[in-house]
1. Search segment 307-316 for residues being out of contact with any Leu (no Cβ under 6 Å at 6 or more places or on another chain) and more than 10 Å from G436 (Cβ to Cβ), and hand back the single one that is surrounded by the most Cβ atoms within 10 Å (Cβ to Cβ).
2. For segment 147-174, what are the residues that are more than 20 Å from R124 (Cα to Cα) and in contact (Cβ under 8 Å) with a residue 12 or more places away in the chain?
3. Identify all residues within segment 936-946 that are loosely packed, with under 14 Cβ neighbours inside 10 Å and without any contact (Cβ under 8 Å) to a residue 40 or more places away in the chain; write none if there are none.
4. Might you let me know whether segment 175-188 holds any residue that is surrounded by fewer than 18 Cβ atoms within 10 Å (Cβ to Cβ), modelled with pLDDT under 85 and closer than 22 Å to K325 by Cα?
5. It is to be established whether one or more residues within segment 228-248 are closer than 21 Å to A419 by Cβ and of a type in the set (A, V, I, L, M).
6. Taking the conditions exactly as written (hydroxyl-bearing (S, T, Y), under 23 Å from F321 (Cα atoms), at pLDDT 90 or above and surrounded by fewer than 17 Cβ atoms within 10 Å (Cβ to Cβ)), does T353 satisfy them or not?
7. Give the residues of segment 189-212 that are surrounded by 19 or more Cβ atoms within 10 Å (Cβ to Cβ) and within 15 Å of K252 (Cα to Cα), sorted by residue number.
8. So T311 passes all but one of these: (1) assigned to a strand (DSSP E or B); (2) in contact (Cβ under 8 Å) with a residue 40 or more places away in the chain. Which condition number does it fail?
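The values are calculated or read from the model by the stated rules, or taken from the named source; none is laboratory data. These numbers come from a predicted model, not from an experiment. A quick note on method: Cβ atoms are made from the backbone with ideal geometry, for glycine too, and the neighbour counts reach across all protein chains shown.
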Amino acid sequence: MNASSVAYQHPVTYQASVVIVLSGSTSRLRMMRRRAPTSPTQSPLKICTMQSLIFGATCSPFIAQYIKNKNALKYEDLYPEAVQAIIKNHYMDDCLYSCDSAETAINLVNQISTIHKHGGFEIRRWSSNCKQVLDNIPSDALAQTAIQMKDGATNMSERTLGLIWHPAEDCFAFKVSFSRVSQEVLDGTTPPTKAKMLGLIMSIYDIHGFLSPFIIKSKVILQDVHRSGIDWNCHIQAKEFSSWCKWLDELKLLESIRIPRWYLSDDNWTECYSVTEPELCDKKIVNNTQMHIFCDASIKAYATVIFWRFTRFDGRVKVCFVGSKCRVTPLRPVSIPRLELQAALLAARLAHTVQTEHKDIRPNQRFFWTDSSTVLQWLRSDPRSYKPYVAHRLGELDELAAPAEWRHVPSRLNAADVATRPDAPPLALADAWFQGPAFLRRPEEEWPKDLKTCKIVDEAACEERNINLVVSRDTSVAPDALRLPNENNISKWTTLLRSTARILLLFRRPKGDYCLDVDLMRKAETLVIRKSQQDAFGQEIECLRNNKPLPSNSRLMKLTPYLDDDGLLRVEGRIDKVTGVSTSTTRPAILDGKHRVAQLLVEHEHRRALHGAHEHVVNELRQRYWVVKLRSAVRAAAARCPLCRRRRAAPAAQRMGPLPAARLQHHRRPFSCTGIDYFGPMEITVGRKRQKVYGVLFTCLTIRAIHIELAESLTTDSTIMALRRMIGRRSTPSVIWSDNGTNLRGCDAELRQSIRELNTEKLREDGLSRGIEWRFIPPGAPEMGGAWERMIRTVKTALKVALKERAPHRETLSTLLVEVEALVNSRPITHVSTDPNYPEALTPNHFLIGTSSNGPAFGKYDDGDLCLRKQWRIAQRLADMFWSRWIKEYLPTLLPRQKWQTDERALRVGDYVVLVDTKVDRGCWRHGVVSAAHAGADGRVRVVDVRTRAGVLRRPATRVALLSPIDS
């Protein structure tokens, strides 16, 4: 199927040095001029406005793809397969997709057309190889070839991304028509120039590599022409022209090649295994899929080709061509073993791409075939023993393919050998290039035997790295002369000590002792502490060694430091005469709290204390060390600890934003902007049984009036019927706000579908079709729906007092809900004054029924006002008075922020966060990275998308706690 013409009608803007606005569906270009300060050398500034998305602009491809995908993502919940086809299987405005059945294809066509139509894109020129699919597509949306195919034509062809596709035969073909190439170049009557040669070669589009053996010949000829040194506009020489004429003769034979589109077509299945069980002979399901990759190289080119090998339950085998890649060798001479290695790397890369792109075909086994024993020797040895050219490629090959997947094949059976020989015969569909080697159609026991052990040939040995080994028998090297590990590259204190002890262990090797012990760990600790002291207090140590006084600004002046026998800097305090205390306590070693070694030590004690109190860590450290600014170091270690950060993580609510426009829509009828939510369940008595029902609460976001309906269940149909009853009594809302309940989301989708079905020309003329804009707050953000959540709490309180855990009849409950509705609507929303002369407080009922309750009407009127013509004036005057009081008395109460008055750091893309969920333990909260930040009208981020293991989740900022900023 192919769709090749799409009309983009959504307004799109693009900003550059000249302001360009793309909108509409026509090709007009409107010029607007804005006068600017003129001077003798300055002309008036021109502002151009594009009326349509033009073809050829730099931004056009991006805008088209972005709008196409943006429109499709709106319907991801309704049509997931169609949305994936639009995003993954569209190339610009062309759609290419394959289905397993005609029913699936018909549904997919309808869904794709529906999605595009909602975005204003009219997709057409559909084509298919199935007549049943074409019969279910309108004729005006079919391609011309599809219409002729429905009429019985069998020789029609369609161009799909550069390939010629024959739907009737369901195969690919090649058509030699080069409109931009002169006929004399195609005929070969005169030698072409170097530039015309390149133009003809690049005119052949072969994305899958079907014609690689043919195209590589032309590239080899072009390389020879380039090597000869002629200019681009000079004619080629006689030798290259002779080869060029032979290649042109082969070019004319390409139109006869037909390549099946479907791998598992019913033809060319070969009986490979004898199956005697009748139940297996009847099955034609593929039970084993293998991928075979062949690679080869020559002095001119190197290539790779991939085949599928399908095996059915009935023992039949089919080999299918998948794709190929071919490259000419560099101009700089390269050895054949290196070219064979480059071909093997090309094969591994292509196999990885094919396996990734084939979503529905997963190979059970992979076989990489090469005729180079040198490459096999390299693959089955250590890559680090070879020179960088070989070692780097072997390292990538180890990542893409296992050494056990590589096998040896003789050159005469190598399918890739066809593409590396310039003297290869012309391509034909029956060749091994398209059909695969003959041995793949035989049992595996008859395949070429693999070279299990490769001899070290001269080519492999010449690539080995030369290693110079220097052996010293002098083991009397002092530990101070050792190069200790860099503490900045180590994350734990024990790791630092053990790595240092391993270095000291080298001095024990002559004694045959290779195990770490306590003595080695103690010496390693002494070396690490000494190095830390030398880095932090080098000036003080130098003064002590030379018997000089410490500088007056030294941080160690109050500690009276000295150097012990091991060269460690210790504190000479005043508690030496205390008994029963170790020397390390009375004279501890000095450390700088800002040094990395001290930080590792503090973090180690912090973990040993099970992330407990800071004072406990301080007391443990002071038993052996005197750390300068110890408490600051302990607090910093706790701040860096990931576990402590997760335990302390709390969301930082952004400053409360301005109220939405729906809360401030004065002088409009009630319930124009409505919030909806469920409450319950409540039990009613039906006969001798009890049944659960739910309340649907509608809240006017402007006057805070409520309307309550009963719903049988939480289904979409029940929600729609409750909404229809509300519309019948209160009129149609223009905007509905709700949370992310599944029933409400389903209601939104079904309402949109109903509106689309009703939006016909006849109904449009009668004005019977109206749409409701339904908006959802982010999941887990009840504070954003406080307008209806507070009303639900009020209704629940009244029902709890009235019902008292009883199950009334439906009629009783309906009456009770209406009374509760009237009671809540009679509550004051403005200040209740104690002054009897002051008007009564404003209530929602004033806007609904004209009074605060069922009492007398508000205001005084004489008999002259009872005239029928003046009744609308009375109602209008009352409404104006109510709205005037709403603006003066109620609106100012919304001005102050009750909470969240301060600005917090806005969450950014890339921040590492944790999702706060009060329903589960803190240790089970999900972690993720912010993938998108959505700012409100005031520019502050209050909703973010977080990428987690469960997918991308949208959460409010009040439910997201920052763990690690992206700029930290």
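1. Taking segment 307-316 first, the residues out of contact with any Leu (no Cβ under 6 Å at 6 or more places or on another chain) are 307-308, 310-312, 314-316.
Those still in the list that are more than 10 Å from G436 (Cβ to Cβ) too: 310-312, 314-316.
Details: F310: 18, T311: 17, R312: 21, D314: 17, G315: 17, R316: 19.
My answer is R312.
2. The initial filter retains those residues of segment 147-174 that are more than 20 Å from R124 (Cα to Cα), namely 152-155, 169-174.
Correct list: A153, T154, N155, E169, D170, C171, F172, A173, F174.
3. Answer for segment 936-946, where residues must be loosely packed, with under 14 Cβ neighbours inside 10 Å and without any contact (Cβ under 8 Å) to a residue 40 or more places away in the chain: just G939.
4. Of all residues in segment 175-188, those surrounded by fewer than 18 Cβ atoms within 10 Å (Cβ to Cβ) come to 175-184, 186-188.
From the residues that got through so far, the ones that are modelled with pLDDT under 85 too are 175-184, 186-188.
Those still in the list that are closer than 22 Å to K325 by Cα too: 175-176.
The answer is yes, given that some residue of segment 175-188 is surrounded by fewer than 18 Cβ atoms within 10 Å (Cβ to Cβ), modelled with pLDDT under 85 and closer than 22 Å to K325 by Cα.
5. For segment 228-248, residues closer than 21 Å to A419 by Cβ and of a type in the set (A, V, I, L, M): present.
6. Details: hydroxyl-bearing (S, T, Y): yes; under 23 Å from F321 (Cα atoms): yes; at pLDDT 90 or above: yes; surrounded by fewer than 17 Cβ atoms within 10 Å (Cβ to Cβ): yes.
Taking the combined requirement at face value, the residue satisfies it.
7. Once the filter is applied, which keeps residues that are surrounded by 19 or more Cβ atoms within 10 Å (Cβ to Cβ) and within 15 Å of K252 (Cα to Cα), segment 189-212 yields L200, L211.
8. (2)
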